[in-house]
Amino acid sequence: MAADAALHAHEAWMRLALREAERAFGMTGDNPWVGCVIVSPRGELLGRGHTLGPGDHHAEIAAARDAHERGHGIVGATLYSTLEPCSFHGRTPACSRSIVERGIARVVIGMRDPHPRVNGAGTLILRQAGVEVIEGVCEPDVRRQLGAWVLEQHPDDALGRAQALPEQQRVARLAEIYGVDCRTMEAFFAAHPRCLDRHQRPAAPPSA
């Protein structure tokens, strides 16, 4: 019962993060539109934020700054992010390291970032620093929200899923998974025919 109650609470906060992410749609350039909320150990909302423009704060940092502006400390708090915090310094510093430095005790994510330089590296940084990490909360909803971004920026994610599906089911099934219409998926496959062939090609036998 306690586990069910905890999961229900995690899902409720993640859905608030999903609503926060909607505020970033169309404003983030080639970055994903991510939402984040930070919650106290007593279950109080401390701060919320979403991804800003390219080179500006990511959702996790925006939420931390919002908490600070409200006069709230976030040491020991739980951070909910729709997407795994980034792990490398690009146009902005790595969010996973900033989370550690700010004393967050637990991070709950919706889905892993398919970026090849992140994809598990962000959660690894957190865990190695002693931060509790919970993954996969509301994951199907997050993937549908970010589906257009994944298809455009990280097509290998969809191409990898496609190879596990019967050809006649690919368009409809992946349209459902990524929250797009079938016409969009048909255009996606038309744009990546050789990539799909590469994903389907069996591995070469080992040389003698």
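Table for the structure above
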item	result
Shape category assigned to the stretch 1-158 from the gyration tensor of Cα positions, a/c cut at 1.5	rounded
Whole-number percent relative contact order across the chain, with pairs defined as alpha carbons under 8 Å at least 6 apart	14 percent
Among P32, P54, P116, residue whose mean-square fluctuation peaks in a GNM of the chain (springs only between Cα atoms under 10 Å)	P116
Interchain or long-range residues, amide H under 5 Å from C86's placed H	C95, S96
Phi-based couplings in Hz for the stretch 110-126 (Karplus 6.51, -1.76, 1.60; Gly and Pro marked x)	x, 8, 6, 6, x, 4, x, 8, 10, 4, x, 6, x, 5, 5, 4, 5
The chain - share of DSSP beta bridges that are antiparallel (%, nearest 5)	55 percent
Part-to-part distance (alpha-carbon centres) for the stretch 131-156 and the stretch 30-103, which is given in Å	17 Å
The chain - mean residue ellipticity at 222 nm from DSSP helices (-39,500 (n - 2.57) per run, n ≥ 4, rounded to 500)	-13500 deg cm²/dmol
Local electrostatic count at L7 - Lys and Arg +1, Asp and Glu -1, tallied over other residues with Cβ under 13 Å	-3
Pairwise label distance in nanometres, A5 with F88, each label 7 Å out on the Cα-Cβ vector	4.3 nm
Distance between modelled label sites at S40 and A191, nm, 7 Å Cα→Cβ extension	4.6 nm
Residue-normalised accessible area of the stretch 11-164, given per residue in Å² at a 1.4 Å probe	45 Å²
Within the stretch 61-133: Cβ-based charge dipole about Cα centre, in debye rounded to nearest 20 (Lys, Arg +1; Asp, Glu -1)	120 debye
Accessible surface of the chain [probe 1.4 Å, protein heavy atoms]: carbon and sulfur percent	52 percent
Segment L124-F25, length gained on full extension (0.36 nm per residue, minus Cα span)	32.9 nm
Formal net charge of residues neighbouring V118 (Cβ-Cβ distance under 9 Å; K, R +1; D, E -1)	0
Virtual spin-label span in nm between Q169 and H68, 7 Å along Cα→Cβ	4.9 nm
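The values are calculated or read from the model by the stated rules, or taken from the named source; none is laboratory data. Values in this document were obtained by computation on a predicted structure and should not be read as measured data. Using ideal geometry, Cβ is built from the backbone for each residue, glycine included, and neighbour counts are taken over all protein chains shown. For accessibility, only protein heavy atoms count, side chains too; no ligands or nucleic acids. Shrake-Rupley method; radii C 1.70, N 1.55, O 1.52, S 1.80 Å.
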